[in-house]
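First up is the structure itself, then whatever we jot down about it.
Nothing in this text is a laboratory measurement; each read-out follows from the coordinates by a stated rule. As the structure is a prediction and not an experimental result, all values here were calculated from the model. As a convention, Cβ positions derive from the backbone with ideal geometry for all residues, glycine included, and neighbour counts pool all protein chains shown.
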Amino acid sequence: MAGSGIAHMRNSTDVVLTVRDLVVEFRLSKDRVVKAVSGLSFDVIKGEVLAIVGESGCGKTTLGRAILQLPPPNSGEVIFEGTDLTQLPKDNLRSARTAIQMIFQDPISSLDPRMTVKQLIDEPLEIWQRGDEQERSVRINELLNNVGLDSELVLDRHAYEFSGGQCQRISIARALALDPRMLICDEPVSALDVSIQAQIINLLQDMHDRYGLSIIFISHDLAVVKAISNRVMVMYLGKICEVAPPEILYAKPAHHYTRALLNSVPIPDPTRQTRTELLQGEPPSPMNPPTGCRFRTRCAAASVLCTQQEPQLREVSPGQFVACHHPII
Amino acid sequence: MNSLLSIKDLNVSFDTPRGMLEAVRNVDIEIAAGMSVGIVGESGSGKTVLSRAAMGLLQGSNVHRTGTVVFDGHELTAMTRPDVRSHFGTGMAMIFQDPMTALNPVRRIGAQISESLIFRLGMSKKDALKRSFELLQLVRIPDAKSVLRKFPYQLSGGMRQRVMIAIAISCNPKLLFADEPTTALDVTVQAQILQLLRELREDLGMAMILVTHDLGVVAGNTDYVAVMYAGQVVEFAPTTKLFADMRMPYTEALLESIPKIDHPVGKRLLAIAGRLPDPTDRGSGCSFAPRCKYFQNKCLEESPTLKTDPDGHLYRCFFPIGEAL
């Protein structure tokens with residue numbers, strides 16, 4: 001199931017980001033290597049919201065960071081608006097990165113506790129000399145108001161004085177300060193209460209619509225990304241399992257892992273508690289991934305073929321690509 | 001009802017530099033043996049303070065507590081801390097949100113499980129280790145023998161939570177407090193842990209208080225649900241009744257805001273605007289009124305008291321859902 005391939009890559013002039021054969025490995029010692037991302041390819045079209053979904057340890061965070069060259073991948077290409085970021089000299093990379101901003105999982109620890117909200121949002125503007133102090137001040141107010149904060153009340157306060165949801169709003173304002181064209185949101189709502197999750201997802205949707213952003217939304221929860229995504233990519237142990245538009249993926253998942261993820265989401269209705277077969281165990285170590293299909297050790301449909309041959313992504317219905325020898329049809 | 005835990009008119013407040021923080025207000029809850037009760041609310045609604053107070057854990061000099069907590073015939077609120085402690089493990093046990101920090105990082109798993117067996121049940125070290133092995137198997141940890149020798153950092157979050165559960169059930173408690181037991185975990189592991197808790201409760205017949213912010217988690221795992229807001233219980237009903245016929249606008253808003261797997265693609269989520277009121281300034285009127293889409297003038301002026309439907313369904317609202325204005 002989890003496999004390689006490029007069948008899902010689109011040949012469009014609107015592609016803003018192309019990631020090709022990306023490999024990220026971390027060497028722990030002489031013969032211990034964590035294979036976090038293993039030859040992964042995908043693209044993002046202008047204005048698209050791509051959701052990347054998978055369990056802890058599947059490489060989704062590493063993938064998001066590798067796009068920003070944090071750290072640079074071991075091999076592969078990351079082409080953003082025609083420029084391969086992996087080949088850029090350091091100074092050019094810094095300025096190229098202003099167009100791609102990141103939002104992190106823990107909103108409180110990702111903001112410097114010693115800075116006021118004004119300083120936090122001014123920092124990128126000042127570094128990149130976007131206007132004089134007066135102009136920047138106007139911009140800061142505008143950004144804060146856009147993310148639903150009352151700028152007059154929050155400017156001189158510190159991150160610790162705010163709740164998690166408000167800190168995430170501040171992070172979003174800061175990320176938008178330099179007019180990015182792409183946001184990479186790494187589990188932006190996992191640390192928040194359900195009641196606040198909806199607020200932040202709606203805010204990201206609004207910012208997407210207002211600024212025409214492309215968004216990569218990383219999450220472990222398929223329910224969270226359903227409302228916002230245009231395309232969903234399911235990852236397992238550094239490989240892609242399935243890529244499809246949400247209309248298809250949620251209704252007719254073709255990969256056994258996608259179906260297992262869907263079945264894990266709790267249903268807030270006591271009369272509809274399906275006790276379907278749960279995914280047992282945990283993913284194997286990325287230091288020593290299974291041969292063939294990486295998901296086979298937890299898959300009910302696994303056969304001998306799955307141990308021998310790695311499945312390649314192929315189109316099983318229009319727009320739906322799956323890397324599985326025995327897809328659910 | 002033959003109650004195992006009975007909380008009567010419990011109030012907990014803390015002295016803070018900003019004034020008196022009223023964390024729990026006028027809470028009454030009865031829990032019978034073997035029953036599973038969910039306590040649901042947002043961060044800051046008082047659900048964790050309530051469960052800690054119910055365990056008699058809040059005794060600092062800045063804590064003000066009134067009301068009574070009776071557990072299994074013993075009034076915890078009248079006891080000294082060592083006496084309360086004597087009920088831990090065999091009477092009640094707790095599992096926490098963060099399995100990373102709840103375990104001792106420098107002791108082996110076997111020693112951590114054995115500890116309560118030796119201390120509470122007076123087992124020998126050898127017997128305790130043998131029992132620890134059985135407990136790890138009971139919580140479905142594969143390769144339990146080698147896990148006994150491991151340290152917490154060598155285990156995943158889900159495995160650590162299983163170890164926490166093994167420790168909690170080691171002395172056959174009558175009541176298990178589970179405070180956001182799956183919030184820090186992946187959805188797949190969350191589903192496994194909830195299934196494990198269900199099975200253990202059936203096998204061991206223990207009661208459970210499941211504290212969570214997610215109505216999705218209580219739906220399949222509890223008999224009753226108490227919804228908390230701003231320190232108060234605002235709705236209390238059997239779980240099936242609560243979901244079928246909710247009366248409290250807050251509960252409805254909380255349910256609507258959950259990102260659901262059957263939510264139409266691309267449809268905007270219904271968020272609850274605003275946030276919890278300042279706990280040091282309770283003001284007048286219904287605490288939820290500023291965020292409520294049904295609020296009337298009366299809601300801003302008077303505080304609603306708990307009303308009871310004939311079937312025992314409790315709610316704290318002047319204009320409950322399902323009643324014409």
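Computed over the protein assembly as shown, the range of Cα coordinates on each principal axis works out to 72, 64, 47 Å, biggest value leading.
Taking a ≥ b ≥ c as the square roots of the Cα gyration tensor eigenvalues, region B:1-155 comes out prolate, since a/c reaches at least 1.5 and a/b is larger than b/c. Cys residues of chain A that find no other Cys beta carbon under 4.7 Å: A:CYS58, A:CYS167, A:CYS185, A:CYS241, A:CYS299, A:CYS324. With the Cα gyration tensor of region B:205-299 giving a ≥ b ≥ c as the square roots of its eigenvalues, does the rule (a/c under 1.5 for rounded; else a/b larger than b/c for prolate; else oblate) give rounded, prolate or oblate? Oblate is the answer for region B:205-299, as a/c is 1.5 or above yet b/c matches or exceeds a/b.
Shape class of chain B from the Cα gyration tensor (axes a ≥ b ≥ c, square roots of the eigenvalues): prolate, since a/c reaches 1.5 or more and a/b is larger than b/c. Under 5 Å from the amide H of A:ILE52 lie the amide H atoms of A:PHE217, A:ILE218, A:SER219, A:MET233, each residue being 5 or more positions distant or on a separate chain, with H modelled from the backbone and absent for Pro and chain starts. Taking a straight Cα-Cα cut-off under 17 Å and skipping sequence neighbours fewer than 8 places away in the same chain, the aspartates and glutamates within cross-link reach of B:LYS298 are B:GLU323.
Taking packing as the residue-averaged number of other Cβ atoms within 10 angstrom, the listed peptides B:145-156, B:105-116 run from highest to lowest as B:105-116, B:145-156.
For A:THR13, B:THR80, B:THR222, the sequence from fewest to most other C-beta atoms within 10 Å is A:THR13, B:THR80, B:THR222.
Round to the nearest 10 and give me the degree value, 0 to 90, for the angle of helix A:194-211's Cα axis relative to the longest principal axis of chain A. Compared with the principal axis, the helix lies near 70 degrees.
Other protein chain C-beta atoms within 10 Å of residue C-beta, averaged over B:213-225: 4.
Annotation for A:THR83 and B:ARG198: the two label points, set 7 Å from Cα along the Cα-Cβ direction, are 5.3 nm apart. Please list, ordered by chain and number, the residues whose modelled amide H lies under 5 Å from the amide H of A:PHE295; skip anything fewer than 5 residues away on the same chain. So A:PHE295 has HN proximity to A:ALA2. Approximating the spin labels as points 7 Å out from Cα along Cα→Cβ, the A:ARG32-to-A:TRP128 distance works out to 4.0 nm. Per-residue ellipticity at 222 nm from helix content only, as computed over the protein assembly as shown with -39500 (n - 2.57) for each DSSP H run of at least four residues, stands at -9000 deg cm²/dmol.
Residues whose amide H comes within less than 5 Å of that of B:PHE177, counting only those at least five positions distant or on another chain, are B:ALA93, B:MET94, B:ILE95, B:ILE209 (H built at 1.01 Å from N in the peptide plane).
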